[in-house]
Amino acid sequence: MTKQQPSTRHTAAFRRSAFALFALALFALASVASAQSGRHAPKPAATPAPEATPRAESESKSKPRAASPSDLIVSFVVVEQDGGMLNLDFNARESVVDTFVRRLGQLRTVSVSSGGKGGRKDARERAKKGRGTFVVLFELEEERAAMGEASIGRIDSRTLLLKTYVYAPESGDLKYTDTITQRPYRPTTTIGGVRVPSPGRRVEQYPSQLQLEQAARDAADRLMSRFGVIPPSEN
């Protein structure tokens, strides 16, 4: 009996089927590989940004703070001489007193207020009633009167002396007294805490309101130094 061989047509069909299955398998494997390669690793958690400083807080640091009681070194009440220098120009006298008070008040370590007008007895009695505040009596006196001579006619402002009397609180004792004589007016500045003339032409005026006001600043600076306070810069 003769064995029947498969036909060429059947063999070709089988091969095409096998090739199609193989191609389909390759396509499936490629799809899986592509899907896996397309996956992204999980992103790391974002690091929180540092918290910004509140606007109000940063602005407050740039603003000068108000003086607190712990800043104070000394407190003054300035009493202006009453009834003196009647023949001295009123505006000139008030300007000198104001310059003295303003100079004392330039630093936050010094508290200063005006105590009106009065004499030595008034200043002493006021100090006795105070608590921690020194009373300063500010006087203008002519050199001739200081030497016991009578003043004649209008006062020459070049001869004026500036006097300060400081009375201690509660006891009313005279703690400090000082006399300032005028010096030729000269614009000054401060370098390293030392006062030096400002660059430019030297200025000398007699009489001069500027010279009197300069003497008032000198009196205030010496008073502050007496209480351990470094006077403010002239800049």
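What follows draws every value from the coordinates through simple rules; no lab data is involved. The model shown is predicted, which means the values in this text are computed figures rather than measured ones. All Cβ positions, even for glycine, are placed from backbone atoms using ideal geometry, and neighbour counts span all protein chains on display.
For GLU170 and VAL229, the FRET efficiency from 1/(1 + (r/R0)^6), where r spans their Cβ atoms and R0 equals 25 Å, is about 0.75. Residues whose amide H lies under 5 Å from that of VAL79, counting only those 5 or more places away or on a different chain, are GLY115, VAL136, LEU137, PHE138; hydrogens are built 1.01 Å from N in the peptide plane. Measuring r between the beta carbons of SER113 and ARG183 and using R0 = 30 Å, the FRET efficiency lands at 0.60. Using the Cβ of PRO169 as centre and a radius below 10 Å, the other residues enclosed give a net charge of +3, where K and R count +1 and D and E count -1. The distance separating the Cα centre of the range 153-187 from that of the range 73-132 comes to 11 Å.
Going from the residue with the fewest nearby Cβ atoms within 10 Å to the one with the most, LYS163, LYS117 rank LYS117, LYS163. By the beta-carbon count within 10 Å of each Cβ, the least crowded to most crowded order of GLU170, GLU142, fewest first, is GLU170, GLU142. Listed from fewest to most Cβ neighbours within 10 Å, the set ARG226, ARG131, ARG93 follows the order ARG131, ARG226, ARG93.
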